[in-house]
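Notes for the one structure printed next.
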Ligand code: GLN
């Protein structure tokens, strides 16, 4: 029988529920349990696909093409197990399902209400992964903070679920903040007490409290929290600020969060968590023998969460190369032909980011020109790859005003354009090429060398594609299509022959990089940046 763990948040948002959930899952997995994590988001969008990255950070795409919350990226990076649409549910999706059923007459004669119809639908979704039989433990993270109006139906659903499942089958972990008042020189427990009180008002007694704090909490504070929040002292878990999110599983292990959870769920402790390879990764991460600076050119640079998976991929690839990768965000709107050297001259590598729309695109193209002409290692992702095709078209092939039809519908040279079968779709959301697609790699190319095999799959999220009418011209001039979709013949990877590392992918490699499996293209890109920096210093 599957056991359920619910993770709620109190006091404030941004306490890191996603990282705590992923860390606990990692420890349980390292003890031999099959674990998955799902996130329930209280907003009304059906999925985050239509959200501006400034609103909610990056949109994470799963194998099955679901556009999801960026926390799912953490789940995959920690667990190295793919997630799916079932792992991310929003209020919008819950209501959509209920309203669809209402229109189909499923509730005929009844008044459709938040309780029980919405809460029933939430509970049904909470059970889907558990009922698949694939998991021993399902962790459900509730977005938002306890007390928010919009999270109420989810909290009520957790209360009912816990009651119906019975003690030892479902538990609630509440993540709170223990603020430090500098003037008083003290850690304060009152906000936590109030937050637990709020949960109690909704009928939920948390089983475990995880307390975010900047300073170690003393045994006295633990006792006080335990007494006022009705939990055992060993169920008060300290979560101190960490130097890296990847240190959190080990911190939670020290606090015995996994043991406390297993005891409460009446599950066997099996063996101590096997964290050897994780520790090896952390060792490499914390003891680099070289250092490089990679410029990340994009238009959402004010909000680093917009590029979460990319920066985490650099952490994985850096550790693999025993190299500290400093990622410097560079706004694409600030790069012009006459300042490219000044903006990019100090870099060891250039990554041009994914994106939508025309803002900043000319700056991206200029940056790519600089990288191509100066042998600076270049890695283009999605729009970044498309820009490298435009740049090569304009400046090497002499295709004047070459462009993507996303920006200029009337370009004389639509080197990037829309696939025929997508032209008539007008609704937004889910109309893109989304999710995992196969790709065949050409032998003798950098892509083939990186992956070390001929058949791969990668995840996509875009509407526009390389225009195959230009392919021959590009290949003859030295830009090779090193990855091709075997079914549609779409170009998935381009690279330059006469350049130390110039690779663009139509897909999003950053979505598949994990601690256990750093993405090969990121690993090779960082290696190329290390070479470049060595040559520079010589
Ligand atoms: N805007 C481009 C497209 O739709 C690229 C999308 C992306 O970078 N994810 O094809």
In nm², the average projected area of the convex hull spanned by the Cα atoms of segment 372-523 is 9.4 nm²
Here segment 247-399 gives, from Cα atoms, an Rg and Dmax in Å of 20.8, 70
Reduced to Cα centres, the span from segment 483-538 to segment 326-361 in Å works out to 18 Å
For the chain, using Cα atoms only, the Rg and Dmax in Å read 24.9, 81
Contour minus Cα-Cα span, residue 290 to residue 489, at 0.36 nm per residue, comes to 67.7 nm
Here the FRET efficiency for residue 164 versus residue 108, based on Cβ atoms and R0 = 30 Å and rounded to 0.05, is 0.70
Each label sits 7 Å from Cα toward the beta-carbon; between residue 267 and residue 400 the label points are separated, in nm, by 6.7 nm
So, with points 7 Å from each Cα along the Cβ direction, the residue 193-residue 34 label distance in nm works out to 4.5 nm
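Let me have the 222 nm mean residue ellipticity of the chain computed from DSSP H runs of 4+ only, each contributing -39500 (n - 2.57), with the sum over all residues rounded to the nearest 500. Before the final figure, lay out the partial values.
Details: 18 runs with 190 residues, N = 538.
The per-residue figure over the chain is -10500 deg cm²/dmol.
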Per its Cα gyration tensor (rounded if a/c is under 1.5, else prolate when a/b beats b/c, else oblate), segment 493-538 is best filed as oblate
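Which FRET efficiency value, to the nearest 0.05, do you get for residue 498 and residue 96 by plugging their Cβ-Cβ distance into 1/(1 + (r/R0)^6) with R0 = 45 Å?
For residue 498 and residue 96, the calculated efficiency is 0.30.
By how many nm would the segment from residue 243 to residue 148 lengthen if fully extended, with 0.36 nm per residue of separation less the alpha-carbon distance?
Working it through step by step, the gained length comes to 31.2 nm.
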Taking Cα atoms only, helix 91-103 is inclined relative to the longest principal axis of the chain by an angle, in degrees rounded to 10, of 80 degrees
Plugging the Cβ-Cβ distance of residue 115 and residue 63 into 1/(1 + (r/R0)^6) at R0 = 35 Å yields, to the nearest 0.05, a FRET efficiency of 0.50
Placing each pseudo-label 7 Å from Cα in the direction of the beta carbon, residue 55 and residue 534 end up separated by a distance in nanometres of 4.7 nm
Here the relative contact order (percent) of segment 375-522, from C-alpha pairs under 8 Å and at least 6 apart, is 28 percent
Fewest-first ordering of 466, 281, 228, 379 by Cβ atoms within 10 Å yields 228, 281, 466, 379
For segment 1-155 the translational diffusion coefficient, Stokes-Einstein from a Kirkwood Rh over Cα pairs at 37 °C and viscosity 0.692 mPa s, in µm²/s, is roughly 203 µm²/s
With Rh as the Kirkwood radius over Cα pairs, segment 205-306 has Rg/Rh of 1.09
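Just check segment 467-527 against the gyration tensor rule for me: Cα atoms, a ≥ b ≥ c as the square roots of the eigenvalues, rounded for a/c under 1.5, and otherwise prolate or oblate depending on whether a/b exceeds b/c.
Taking the square roots of the gyration eigenvalues as a ≥ b ≥ c, segment 467-527 is oblate.
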Measuring from the longest principal axis of the C-alpha atoms of the chain, the long axis of helix 119-131 (C-alpha) lies at a number of degrees, nearest 10, equal to 70 degrees
Listing 323, 439 by rising number of other beta-carbon atoms within 10 angstrom, fewest first, gives 323, 439
Once normalised by the length of the chain, the mean sequence separation of its alpha carbon contacts under 8 Å that are 6 or more apart gives a contact order in percent of 15 percent
Note to self: C-alpha centroids of segment 209-287 and segment 305-322 sit apart, in Å, by 25 Å
Residue span residue 469 to residue 410: 0.36 nm per residue of separation minus Cα-Cα distance leaves a gain in nm of 19.6 nm
With the 8 Å Cα cutoff and a minimum separation of six or more residues, segment 199-298 has a relative contact order in percent of 20 percent
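All of the numbers you see were taken from the coordinates with simple rules; none came from a lab. Quick caveat: nothing in here was measured; it's all calculated off a predicted structure. Heads up, the Cβs are rebuilt from the backbone with ideal geometry, glycines too, and the neighbour counts pull from every protein chain shown.
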